[in-house]
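Each remark here refers to the structure printed beneath this line.
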Amino acid sequence: MSTEFNYQIDYGNFAASSPKPRPDPNAPLYASEDGVVASLSNSECIFQVSRSGQTHVMTFQVLQALDQTREFRTLDEHIARVMEVVPGLQSQRDGIVRVFEGLIARGLLLSDRDFLAGLSRAPLREPTSLRAVFIRACDRPAQLEKLLASLADYERRFGANRHYVLLDDSRSRDAANRHRDLMREFARSSGCKLTYIGSSERESLIGRLTRAVPAHASVLPHLFGGMRDGNRFGGGGGWNLALLLSAGARFAMFDDDHRLPLRRLENAAAGLDPSPSTPAITQFYRNIDNALGAGEEVDADPFELHLAAVGRPIGTLIASSEYAIDRESLRGLPLSRLGHLDGDAPVLSTHHGSYGSSRTESGAWLYQLPASDRAELVRDRDSYLRNVELGSLWYGYRQARATPTTAFTPFAFDNSVLLPCTNPHGRGEDALFSQLVRLCHPNALALELPVAIGHVQEAQRKRSGRTLSAHTPRFNYFISDFVQRQLSEFYAESAGDRLRLLAAHLRDVGAANERGRLHQLREYLAYSRADLIERLQQQYDGAPEAPVWWQADVRTIIEANGRALIAKAAPRLGDWDEKVDDKACATLLCEEVHRLAEVYEAWPSLWEYAREQDARLLGTI
């Protein structure tokens with residue numbers, strides 16, 4: 001325990017507040033450590049620092065001063081704040097200075113320089129090699145052809161000669177045959193090594209895994225399921241296949257409706273934004289061609305841009321010039337919001353934005369945009385009606401940012417440590433994967449790069465109908481939110497043990513009686529809809545100047561969710577048929593959580609076998 005720190009501030013008479021000092025841009029910034037407090041007496045307490053666990057004894061007066069210094073600001077600003085907020089201290093500047101000097105000496109007030117220096121100290125860790133570039137495809141030869149054309153341009157320009165693997169989930173034989181032809185043409189034009197994995201190759205791999213890990217043979221057909229389960233879309237099967245075939249290495253992944261080059265906004269910034277809540281930039285365009293030409297093309301090799309970051313500790317990146325944190329960007333941020341920035345934290349995935357078609361099926365997020373982006377959305381009635389269908393836009397970040405979880409599919413993965421599989425079926429497999437990575441590796445980070453990739457869907461989609469309807473999350477979002485709520489209950493160090501514990505939790509959900517399962521579904525849907533209503537109401541109240549058409553649609557969404565909250569309908573998730581009754585909902589929940597539990601029980605053993613096989617497993621296909 002640290003020595004007692006009981007400097008007493010003498011309270012004088014309350015005087016008029018002094019003018020706030022103008023911050024010195026060259027002065028160091030300080031922020032107080034976060035912690036928990038326990039009382040020792042009427043005048044003293046014990047303060048335990050959350051990050052280090054160190055304990056300090058201090059008076060409540062010193063604690064009160066410490067509480068006013070949570071955000072990174074100059075000492076002059078902190079002193080002025082204490083003198084303004086705490087009655088009777090307007091004439092005690094010298095005493096406050098001495099208190100702050102003591103807090104700095106004991107490490108309870110941390111300077112920006114020391115904070116950044118601590119982040120930059122990270123162990124040397126050389127990433128593993130790139131196993132392959134995987135492409136998920138399904139019944140869209142025209143889209144795949146455009147992607148491969150852009151990859152051929154990339155290979156001619158950079159001569160990287162990478163290994164490409166097509167994960168083909170096509171149900172149409174004609175589409176599958178066309179995909180094979182396109183891959184052969186790409187091989188001839190690029191000289192790259194190619195591997196095609198269709199239904200027969202997938203069955204052969206399942207047979208090999210069945211012989212190697214017979215205890216989990218029953219789960220294998222489901223684990224690598226095709227893109228469609230009945231009428232249910234899902235790209236998780238191909239995702240899981242890529243994870244297994246790259247176990248122990250790094251890999252990159254495209255969808256067939258992606259295309260290079262990567263592009264960045266003209267005002268993109270170097271460095272890393274330390275704030276975990278900086279909003280993305282959304283820009284709207286008149287048509288898809290305008291969106292595809294927005295920004296400027298990235299000159300660097302797009303793969304190397306990601307591979308230079310994925311698999312490295314965040315501290316190593318921060319120590320470089322490309323991802324250095326500008327000390328001024330810390331201003332106003334408390335240390336409690338920077339806890340994700342641990343120098344040792346590994347970057348297990350890297351991401352980029354998109355230009356072209358939206359990656360979301362609903363546009364409810366449009367009504368929660370920052371005011372500057374909202375102005376572009378609602379510029380006039382015609383552009384608004386076009387923009388809400390999300391057919392031609394830019395979505396991404398101006399500056400790199402590190403975050404524990406993300407909403408979209410990564411581009412590059414570090415699979416040298418066990419990465420979790422995702423649900424083979426249903427939309428939202430990317431959000432679920434992100435939460436599971438956090439479950440398996442609590443200190444790991446995803447790095448959003450200030451670049452975007454082209455995304456052009458096969459046809460214009462109408463999203464406004466879903467946007468204006470009651471929010472009905474899909475099963476994968478239900479599980480993702482469930483995992484987020486359970487994170488604090490997981491203590492095991494091993495990622496495999498954590499996945500097995502998750503399986504037990506899921507089985508517990510499914511083992512509830514029918515009434516209990518229905519209660520879980522109703523409670524989740526009520527929370528999701530009430531949360532959306534609250535956020536939209538705040539937006540509505542804060543934008544009285546917004547056009548009437550925007551206000552009308554916000555009211556429509558709020559009212560739709562309000563009606564759903566009080567309706568006596570079955571608690572259906574978004575993947576389930578609209579005609580299901582209560583009993584069917586309870587049955588579906590039971591079936592799906594048990595099936596997913598079986599997947600997570602099997603995955604650690606399957607991944608470990610694949611890691612031991614190294615590149616040989618991919619080579620056998």
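For (1) closer than 11 Å to residue 400 by Cβ; (2) modelled with pLDDT of 95 or more; (3) touching a helix residue (DSSP H, G or I) at 6+ places or on another chain (Cβ under 6 Å), each residue gets a yes or a no:
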site: 304; (1), (2), (3): no, yes, no
site: 310; (1), (2), (3): no, yes, no
site: 317; (1), (2), (3): yes, yes, no
site: 331; (1), (2), (3): no, yes, no
site: 342; (1), (2), (3): no, no, no
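Do we have residue 506 as buried (at least 18 other Cβ atoms within 10 Å of the Cβ) and in the same structural domain as residue 399 (by TED's automatic domain parsing) here? Break it down stepwise before answering.
Details: buried (at least 18 other Cβ atoms within 10 Å of the Cβ): yes; in the same structural domain as residue 399 (by TED's automatic domain parsing): yes.
Criteria met by residue 506.
What pairs come up if the first residue lies in the range 134-157 and is in the same structural domain as residue 174 (by TED's automatic domain parsing), the second is of a type in the set (S, T, N, Q) and part of a loop (DSSP other than H, G, I, E, B), and their beta carbons are under 8 Å apart, counting only those six or more places apart or on different chains?
Pairs that qualify, where the first residue is in the same structural domain as residue 174 (by TED's automatic domain parsing) and the partner is of a type in the set (S, T, N, Q) and part of a loop (DSSP other than H, G, I, E, B), are 134/246; 137/170; 138/170; 139/170; 139/172; 143/457; 155/161.
Residue check, residue 123 against (1) surrounded by 15 or more Cβ atoms within 10 Å (Cβ to Cβ); (2) outside the structural domain of residue 349 (by TED's automatic domain parsing); (3) within 36 Å of the chain's Cα centre (by Cα), all met but one. Which one?
With (1) surrounded by 15 or more Cβ atoms within 10 Å (Cβ to Cβ); (2) outside the structural domain of residue 349 (by TED's automatic domain parsing); (3) within 36 Å of the chain's Cα centre (by Cα) applied to residue 123, the lone miss is (1).
Residue pairs, Cβ under 8 Å, 6 or more apart or interchain, first in the range 224-244 and more than 21 Å from residue 210 (Cβ to Cβ), second at pLDDT below 70 and of a type in the set (Lys, Arg). List them.
234/228
Among the residues in the range 580-590, are any of a type in the set (Ser, Thr, Tyr), within 30 Å of the chain's Cα centre (by Cα) and either closer than 27 Å to residue 425 by Cα or in a helix (DSSP H, G or I) (or both)?
Checked against the condition, which is being of a type in the set (Ser, Thr, Tyr), within 30 Å of the chain's Cα centre (by Cα) and either closer than 27 Å to residue 425 by Cα or in a helix (DSSP H, G or I) (or both), the range 580-590 yields no hits at all.
From the list 517, 507, 500, which one is at pLDDT 95 or above, among the charged types (D, E, K, R), over 23 Å from residue 442 (Cα atoms) and not in a loop (DSSP other than H, G, I, E, B)?
517
Please pick out the residue among 375, 308, 300, 324 that is assigned by TED's automatic domain parsing to the domain that holds residue 243, within 26 Å of residue 155 (Cβ to Cβ), among the aliphatic types (A, V, I, L, M) and surrounded by fewer than 17 Cβ atoms within 10 Å (Cβ to Cβ).
So the residue among 375, 308, 300, 324 that is assigned by TED's automatic domain parsing to the domain that holds residue 243, within 26 Å of residue 155 (Cβ to Cβ), among the aliphatic types (A, V, I, L, M) and surrounded by fewer than 17 Cβ atoms within 10 Å (Cβ to Cβ) is 300.
In the range 276-288, what residues are surrounded by fewer than 16 Cβ atoms within 10 Å (Cβ to Cβ) and either among the small types (Gly, Ala, Ser) or without any contact (Cβ under 8 Å) to a residue 40 or more places away in the chain (or both)?
Passing the criteria: only 277.
So which residues in the range 282-335 are touching a Phe, Trp or Tyr at 6+ places or on another chain (Cβ under 6 Å) and farther than 25 Å from residue 416 by Cα?
282, 283, 291, 294, 330, 331, 333
With the structure loaded, tell me whether residue 280 is more than 20 Å from the chain's Cα centre (by Cα) and hydrophobic (A, V, I, L, M, F, W, C) or whether it fails that test.
Considered against the rule, which asks whether it is more than 20 Å from the chain's Cα centre (by Cα) and hydrophobic (A, V, I, L, M, F, W, C), residue 280 comes out as no.
Can you work out which of the residues in the range 308-343 that are under 19 Å from the mean Cα position of the chain (by Cα) and charged (D, E, K, R) is nearest to residue 249 (Cα to Cα)?
Out of the qualifying residues, it is 312.
Scan the range 218-225 and tell me whether some residue there is surrounded by 15 or more Cβ atoms within 10 Å (Cβ to Cβ) and out of contact with any helix residue (DSSP H, G or I) (no Cβ under 7 Å at 6 or more places or on another chain).
no
Being modelled with pLDDT under 95 and either among the basic types (Lys, Arg) or surrounded by fewer than 18 Cβ atoms within 10 Å (Cβ to Cβ) (or both) is true for just one of 485, 474, 522. Which residue is that?
485
Considering 342, 382, 414, which residue is more than 19 Å from residue 452 (Cα to Cα), surrounded by 22 or more Cβ atoms within 10 Å (Cβ to Cβ) and among the acidic types (Asp, Glu)?
From the options 342, 382, 414, the qualifying one is 414.
I need the full set of residues from the range 536-575 which are farther than 22 Å from residue 365 by Cα, surrounded by 13 or more Cβ atoms within 10 Å (Cβ to Cβ) and free of Cβ contacts under 8 Å to residues at least 24 places away in the same chain, in order please.
569, 570
Please pick out the residue among 415, 443 that is touching a residue at least 24 places away in the same chain (Cβ under 8 Å), under 29 Å from residue 485 (Cβ atoms), assigned by TED's automatic domain parsing to the domain that holds residue 223 and touching a helix residue (DSSP H, G or I) at 6+ places or on another chain (Cβ under 8 Å).
Unique residue meeting the criteria: 415.
Scan the range 446-497 for residues that are touching a residue at least 24 places away in the same chain (Cβ under 8 Å), aliphatic (A, V, I, L, M) and not in a helix (DSSP H, G or I) and jot them down.
Passing the criteria: 446, 447, 449, 451, 452, 453, 456, 468, 470.
Somewhere in the range 160-177, is a residue touching a residue at least 12 places away in the same chain (Cβ under 8 Å), part of a helix (DSSP H, G or I), assigned by TED's automatic domain parsing to the domain that holds residue 305 and over 22 Å from residue 262 (Cβ atoms)?
Restricting attention to the range 160-177, the residues satisfying the condition of being touching a residue at least 12 places away in the same chain (Cβ under 8 Å) are 160-172, 175-176.
Cutting the leftovers down to part of a helix (DSSP H, G or I) gives us 175-176.
Still in the list and also assigned by TED's automatic domain parsing to the domain that holds residue 305: 175-176.
The next check asks that each one be over 22 Å from residue 262 (Cβ atoms); those that pass are 175-176.
Scanning the range 160-177 turns up at least one residue that is touching a residue at least 12 places away in the same chain (Cβ under 8 Å), part of a helix (DSSP H, G or I), assigned by TED's automatic domain parsing to the domain that holds residue 305 and over 22 Å from residue 262 (Cβ atoms).
The values are calculated or read from the model by the stated rules, or taken from the named source; none is laboratory data. This structure is a prediction, so every number in the text was calculated from the model and none was measured. Methodologically, a virtual Cβ is constructed for each residue, glycine included, from the backbone with ideal geometry; neighbour enumeration extends over all protein chains shown.
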